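Notes follow once the structure below has been shown.
The values are calculated or read from the model by the stated rules, or taken from the named source; none is laboratory data. Values in this document were obtained by computation on a predicted structure and should not be read as measured data. FYI the Cβ positions are ideal-geometry reconstructions off the backbone, even for glycines, and counts take in every protein chain you see.
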Amino acid sequence: MSERTLVKNLAALEDGPVSVSGWVETVRDQKKVQFVVLRDESGAVQLVNPAVRELVDDDDPESATKLATTEAISALAHGSFLTVTGALKHDERVKLGGLEVRIGALEVVSESLPETPIAADSSLDKRLDWRFLDLRNPKQNLIFRVQTTIEHAFRQYWIDNDFIEIHTPKLMASASESRAELFEVGYFETTAYLAQSPQFFKQMAQPAGFGKVFEIGPAFRADPSFTSRHATEFTSVDAEISWIESHEDVMALHEELLVAAFTAVKEKHGEALKEHFDLDVVVPSRPFPRIPLAEAKRIVGERGYEIPRADDDMDPEGERRIAAYVKEEFGHDFVFLTDYASSIRPFYHMRHEGDSSLTNSYDLIFNGVEISTGAQREHRVDVLIEQAREKGLEPEELEFYLDFFRYGVPPHGGFGMGLARVLMLLLGEQSIRETTYLFRGPTRLLP
Ligand code: AMO
């Protein structure tokens, strides 16, 4: 590694020699003095160079170097990557951080083409075409620092609470959620499917005696929709735990995990989020409000909105409206909608004792959008087969999964949560395209 100093660390140094590297953000090329704003991954700093426009003394190698440096700065393209050695000088009058680096030597390590293909007002699609340039923006960079903190806080919570990390296969022999959204892959003599969720294999960890497991990994859905919340490939945050009494235990885990993550984000990025997103991070209070789905539909109905089909899931507008109600009534950004009808839930959800029309399940809504689904699972194999048949699935195709329930399995449950959705809603972004490193959708496979 070179001896360069990260820009964010300059403030703590005394005046003296330094070396910095980064991308040219702006150049102000005045007659007598030149200013360059240089940005690295940690921040921006002003470089200054007294301009030498002509060779004063032919025999003075120093003046020749100064002329060359001046000419190099005049020719700098926005986005070129430089290494500069020079002298750090603290000066309160400098707006950018109260310091500057007086250029001694400048090396253009990697030149940029003169025209940058995107600008601040480019469309999202254009920005995604040039994602590496788009991500240079400190605001975009912050999104992925926040993501890192969230994932780290999740892992810390899981490690502190005795969970085991699993990595389930993404090539599968069957669907795990719905046949409608399956990607097929040619697999030697047969066909494989890209995993829609680690559902079956995180459940397998329960009869395997793992107790509590988690996974953060890719999930694939051949979903042709172009909404702001759907991708064909997304990062799914999954947990599954044994020995639960009902989905209430899963919801309690879910709350703790999110409180841990939001606390970490507030601590680590509170200031930067205020600066770049004008956001005050609110750590949610526990317990999060809970409303049975039927009750939620009644509430939004009373407030003037009918869910289009009576037996349907909450639609996006219904989610927004129930979230607005919860914000008004309880001052909370999260709400668990519970007790979904069996008709709109997968076969593996446990149903209510004595009322098989309802499930021990929930969706978690954050700032008006679903971020997660969780449930207690049906662990009685005969009931499971019955429920699979009811959903039009052939138990023969599910034999490998049904076997998990034939050799002693603890009652268990868990949830799956879309990471990019959590980030989008936390940051008030309009689309998961902004909070996904490289978005994949029906018409986007590049870059
Ligand atoms: P579900 O299908 O509801 O449940 O997915 C769980 C969460 O994953 C995210 N998600 C998506 N994010 C982006 N693009 C998509 N196309 C997409 N589809 C889903 C959402 C959603 O809430 N196996 C169950 C979970 C469980 O019960 O453990 C499942 O996959 O945030």
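Exactly one of (1) more than 16 Å from the ligand (Cβ to nearest atom); (2) on the phi < 0 side of the Ramachandran plot is unmet by Gly392. Its number? Of (1) more than 16 Å from the ligand (Cβ to nearest atom); (2) on the phi < 0 side of the Ramachandran plot, only one is false for Gly392: (2).
Count of the stretch 203-244 residues, restricted to those that are charged (D, E, K, R), modelled with pLDDT of 95 or more and either more than 10 Å from the ligand (Cβ to nearest atom) or more than 13 Å from the chain's Cα centre (by Cα) (or both), is 5. Residue-level check: of (1) among the hydrophobic types (A, V, I, L, M, F, W, C); (2) in a loop (DSSP other than H, G, I, E, B); (3) within 22 Å of His254 (Cα to Cα), Leu279 misses just (3). Residue count for the stretch 121-154, restricted to those that are touching a strand residue (DSSP E or B) at 6+ places or on another chain (Cβ under 9 Å) and free of Cβ contacts under 8 Å to residues at least 40 places away in the same chain: 1.
In the stretch 407-422, the residues that are over 19 Å from Arg433 (Cα atoms) reach residues that are among the acidic types (Asp, Glu) and within 11 Å of the ligand (Cβ to nearest atom) with C-beta atoms within less than 9 angstrom, at least six apart or across chains, in these pairs: His412/Glu240; Gly413/Glu240; Gly414/Asp238; Gly414/Glu240; Phe415/Asp238; Phe415/Glu240; Gly416/Asp238.
Within 15 Å of the ligand (Cβ to nearest atom), among the acidic types (Asp, Glu), out of contact with any Leu (no Cβ under 7 Å at 6 or more places or on another chain) and part of a helix (DSSP H, G or I): does that describe Asp249? Taking the combined requirement at face value, the residue satisfies it. Restricting the search to the stretch 308-322, which residues are within 16 Å of the ligand (Cβ to nearest atom) and either surrounded by 20 or more Cβ atoms within 10 Å (Cβ to Cβ) or among the polar types (S, T, N, Q) (or both)? Hits for the stretch 308-322 are Met314, Gly318, Glu319, Ile322.
If you check Leu55, Leu67 for being touching a helix residue (DSSP H, G or I) at 6+ places or on another chain (Cβ under 6 Å) and of a type outside the set (Val, Ile, Thr), only one passes: Leu55. Among the residues of the stretch 290-341, which ones are assigned to a helix (DSSP H, G or I) and in contact with a helix residue (DSSP H, G or I) (Cβ under 8 Å, 6 or more places away or on another chain)? Answer for the stretch 290-341, where residues must be assigned to a helix (DSSP H, G or I) and in contact with a helix residue (DSSP H, G or I) (Cβ under 8 Å, 6 or more places away or on another chain): Ala296, Lys297, Ile299, Val300, Gly318, Arg321, Ile322, Tyr325.
So which residues in the stretch 396-428 are of a type in the set (D, E, K, R) and surrounded by fewer than 21 Cβ atoms within 10 Å (Cβ to Cβ), if there are any at all? Result: Glu396, Glu397, Glu399, Asp403, Arg406. Once the stretch 156-178 is narrowed to residues that are part of a helix (DSSP H, G or I) and without any contact (Cβ under 8 Å) to a residue 24 or more places away in the chain, the residue that is surrounded by the fewest Cβ atoms within 10 Å (Cβ to Cβ) is Asp160.
Scanning the stretch 179-217 for residues that are part of a loop (DSSP other than H, G, I, E, B) and in contact (Cβ under 8 Å) with a residue 40 or more places away in the chain turns up Leu182, Phe183, Ser197, Pro198, Ala205, Gln206, Pro207, Phe210, Gly211.
Conditions tested, residue by residue: (1) in contact with a strand residue (DSSP E or B) (Cβ under 8 Å, 6 or more places away or on another chain); (2) of a type in the set (Gly, Ala, Ser).
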| position | (1), (2) |
| --- | --- |
| Asp58 | no, no |
| Ala72 | yes, yes |
| Phe81 | yes, no |
| Leu88 | yes, no |
| Asp91 | yes, no |
| Gly97 | yes, yes |
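Where residues in the stretch 406-437 are in contact with a helix residue (DSSP H, G or I) (Cβ under 7 Å, 6 or more places away or on another chain) and away from the ligand (no atom under 16 Å from the Cβ), which of them is nearest to Val282 (Cα to Cα)? The extreme case among them is Gly428. Regarding Thr373, is this residue closer than 17 Å to Ser178 by Cα, within 14 Å of the ligand (Cβ to nearest atom) and at pLDDT 95 or above? For Thr373, the condition - closer than 17 Å to Ser178 by Cα, within 14 Å of the ligand (Cβ to nearest atom) and at pLDDT 95 or above - is met. Of the residues Gly331, Gly304, the single one that is closer than 22 Å to Leu257 by Cβ, more than 16 Å from the ligand (Cβ to nearest atom) and loosely packed, with under 14 Cβ neighbours inside 10 Å is Gly331.
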